[in-house]
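Before we start, here is the structure in question, set down as structure tokens.
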Amino acid sequence: MTDPRPATDPLPVNDRTRHRRLADQGSLDRADLDAILDAGFVCHLGVVIEGRPVVVPTVYGRDGRRLYFHGSVASRSLTGGAPVCVTVTHVDGLVLARSVFEHGVNYRSAMIHGVPHKVTDPEEKLAGLRCLTEHATPGQWSYARLPNRKELAATTLLALSLEEASVKIRTGPPDDADGPDAELPVWAGTLPLTSTWGTPVSDPALPPGTPAPEHVARREGTGQG
Ligand SMILES: Cc1cc2nc3c(=O)[nH]c(=O)nc-3n(C[C@H](O)[C@H](O)[C@H](O)COP(=O)(O)OP(=O)(O)OC[C@H]3O[C@@H](n4cnc5c(N)ncnc54)[C@H](O)[C@@H]3O)c2cc1C
């Protein structure tokens, strides 16, 4: 069924997603959310296990308005059916102000609130795993061996709706250029941070001369995040 919502509808503002502090850094643009999610592939999955919060770094994939997570069937963070909070963060640089108080970070971050469910339908499970693989490494699903029945049975796949999400973005110089500290003889500015893919390193166990596939090799020197 076609999704009746416009692709550009704003992110919902409710009691959970409403930015209270540093609200000027908030964005309600769904395109910003998609861009942040697509620029990364590792998130932090916050869950409550036996009454205590646990924040698990894990890989994700985005398919439209849905995020997928996967892992071992034994994973206690992937039970599904309980509220989670997921964050994705890209650090774009340090913001070095004249005063320590005004120091900060340039960043793009997304936070998703929701209750994920376990994907059990075999077709959707395979599609979700494909999404996860392709999200991190486009071209890899049709290159590597696909999961067999035993591997699929050992894997949990969770799906989380992207309906309840928020975005914050900070860009630009420090905020203290128009205050009394502007007179201080202190350098202020930003120190940008970028991530770039390196040269593929072949597994030493490969037959000598086995080249990296094109979809991997071509990422060298390109940005991540
Ligand atoms: C790399 C990085 C470093 C940061 N360092 C600091 C720091 O040192 N000190 C500091 O005070 N803040 C820092 N922040 C900002 C921080 O993430 C919070 O936005 C801010 O502290 C407000 O927190 P709060 O609990 O008062 O949020 P509230 O404004 O009460 O949050 C309400 C809702 O707003 C949304 N929201 C809040 N923060 C974010 C976010 N970052 N991304 C997406 N949605 C969000 C969520 O839906 C949340 O439920 C940093 C952010 C990033 C990405």
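On the given criteria, is Tyr60 more than 16 Å from Val167 (Cα to Cα), buried (at least 18 other Cβ atoms within 10 Å of the Cβ) and under 10 Å from the mean Cα position of the chain (by Cα)?
Values: more than 16 Å from Val167 (Cα to Cα): yes; buried (at least 18 other Cβ atoms within 10 Å of the Cβ): yes; under 10 Å from the mean Cα position of the chain (by Cα): yes.
Yes: the conditions hold for Tyr60.
Next question. With the structure loaded, tell me whether Arg30 is without any contact (Cβ under 8 Å) to a residue 40 or more places away in the chain and buried (at least 17 other Cβ atoms within 10 Å of the Cβ) or whether it fails that test. Lay out the reasoning, then the answer.
Values: without any contact (Cβ under 8 Å) to a residue 40 or more places away in the chain: yes; buried (at least 17 other Cβ atoms within 10 Å of the Cβ): yes.
Yes.
Here is a yes/no grid of residues against (1) of a type in the set (D, E, K, R); (2) outside the structural domain of Gly71 (by TED's automatic domain parsing); (3) more than 30 Å from Arg16 (Cα to Cα):
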{"position": "Thr156", "(1), (2), (3)": "no, no, no"}
{"position": "Glu164", "(1), (2), (3)": "yes, no, no"}
{"position": "Gly172", "(1), (2), (3)": "no, no, no"}
{"position": "Thr199", "(1), (2), (3)": "no, yes, yes"}
{"position": "Leu206", "(1), (2), (3)": "no, yes, yes"}
{"position": "Pro213", "(1), (2), (3)": "no, yes, yes"}
{"position": "Gly223", "(1), (2), (3)": "no, yes, yes"}
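Looking at the range 133-160 only, could you name the residues that are assigned to a helix (DSSP H, G or I) and under 16 Å from Val216 (Cα atoms)?
Initial filter on the range 133-160 (assigned to a helix (DSSP H, G or I)): 133-136, 149-153.
Correct list: Thr133, Glu134, His135, Ala136.
Of (1) not in a helix (DSSP H, G or I); (2) not assigned by TED's automatic domain parsing to the domain that holds Asp34, His113 satisfies all except one. Which?
(2)
Can I ask one more? Return the total of residues in the range 193-225 being more than 24 Å from Asp92 (Cα to Cα) and of a type in the set (Ser, Thr, Tyr).
2
Filter the range 161-175 for residues that are in a loop (DSSP other than H, G, I, E, B) and within 16 Å of the ligand (Cβ to nearest atom); which is nearest to Asp92 (Cα to Cα)?
In the first step, residues of the range 161-175 are kept if they are in a loop (DSSP other than H, G, I, E, B); the result is 162-164, 171-175.
Checking which are within 16 Å of the ligand (Cβ to nearest atom) leaves us with 162-164, 171-172, 174-175.
On the way: Leu162: 24, Glu163: 26, Glu164: 25, Thr171: 8, Gly172: 10, Pro174: 14, Asp175: 16 Å.
It comes out as Thr171.
While we're looking at this one, here's another question. Would you check which residues across the range 79-114 are within 17 Å of the chain's Cα centre (by Cα) and more than 10 Å from the ligand (Cβ to nearest atom) and list them?
Just the residues of the range 79-114 that are within 17 Å of the chain's Cα centre (by Cα), to begin with: 84-92, 106-114.
The answer is Val84, Val86, Gly114.
The values are calculated or read from the model by the stated rules, or taken from the named source; none is laboratory data. None of these values were measured; they are calculated from a predicted model. Neighbour counts run over all protein chains shown; Cβ positions are idealised from the backbone, glycine included.
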